[in-house]
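A short write-up of the structure that comes next.
The values are calculated or read from the model by the stated rules, or taken from the named source; none is laboratory data. Only a predicted model underlies this, so the values are computations on that prediction, with no experimental measurement involved. With ideal geometry, Cβ positions are generated from the backbone for all residues, glycine too; neighbour counts draw on all protein chains shown. The protein model used for the area step is the full one, side chains on, heavy atoms only, and it has no ligands, DNA or RNA in it. Shrake-Rupley method; radii C 1.70, N 1.55, O 1.52, S 1.80 Å.
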Amino acid sequence: MAKAISQYFKRVFEDYQVLVMINPGDWTGIELIVHPDGKIEKTEIEADEDIFEDLEADEFTACSPLEFQLTLAKV
């Protein structure tokens, strides 16, 4: 069985940003919320097959795995 490649998204709000990693193989992922003071909240998430449509509807855009991983490393 081939391993699914995770996909990465982000959205920048007025004073914070949200980065999301989704593994489409099992619909798990990680959400990172970066606050203006630099604090980063990490949340494990479980999604479903509608997650990509939900992210698009919420105006998330694709981001690079490197950007996500560099932010995650700060947690």
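Under 8 Å between Cβ atoms, at least 6 apart or on separate chains: pull out the pairs that start in the stretch 35-52 with a residue that is within 14 Å of VAL20 (Cα to Cα) and end on any residue that is of a type in the set (S, T, N, Q) and not in a loop (DSSP other than H, G, I, E, B).
ILE40/THR71; GLU44/THR28; ILE45/THR28; GLU46/THR28; ALA47/THR28; PHE52/GLN7
Among GLU49, GLU56, which is open to solvent by 40 Å² or more (accessible area, probe 1.4 Å) and at pLDDT 95 or above?
Testing whether each residue is open to solvent by 40 Å² or more (accessible area, probe 1.4 Å) and at pLDDT 95 or above leaves just GLU56.
In the stretch 33-46, what residues are loosely packed, with under 11 Cβ neighbours inside 10 Å and more than 17 Å from SER6 (Cβ to Cβ)?
Listed by number, the residues that qualify are PRO36, ASP37, GLY38.
How about the stretch 18-32: which of its residues are open to solvent by 40 Å² or more (accessible area, probe 1.4 Å), in contact with a strand residue (DSSP E or B) (Cβ under 8 Å, 6 or more places away or on another chain) and of a type outside the set (Ser, Thr, Tyr)?
Within the stretch 18-32, TRP27, GLU31 qualify.
When you go through LYS74, LYS10 one by one, which is the residue that is in contact (Cβ under 8 Å) with a residue 24 or more places away in the chain, open to solvent by 60 Å² or more (accessible area, probe 1.4 Å) and not hydrophobic (A, V, I, L, M, F, W, C)?
None of the other options fit; the residue is LYS74.
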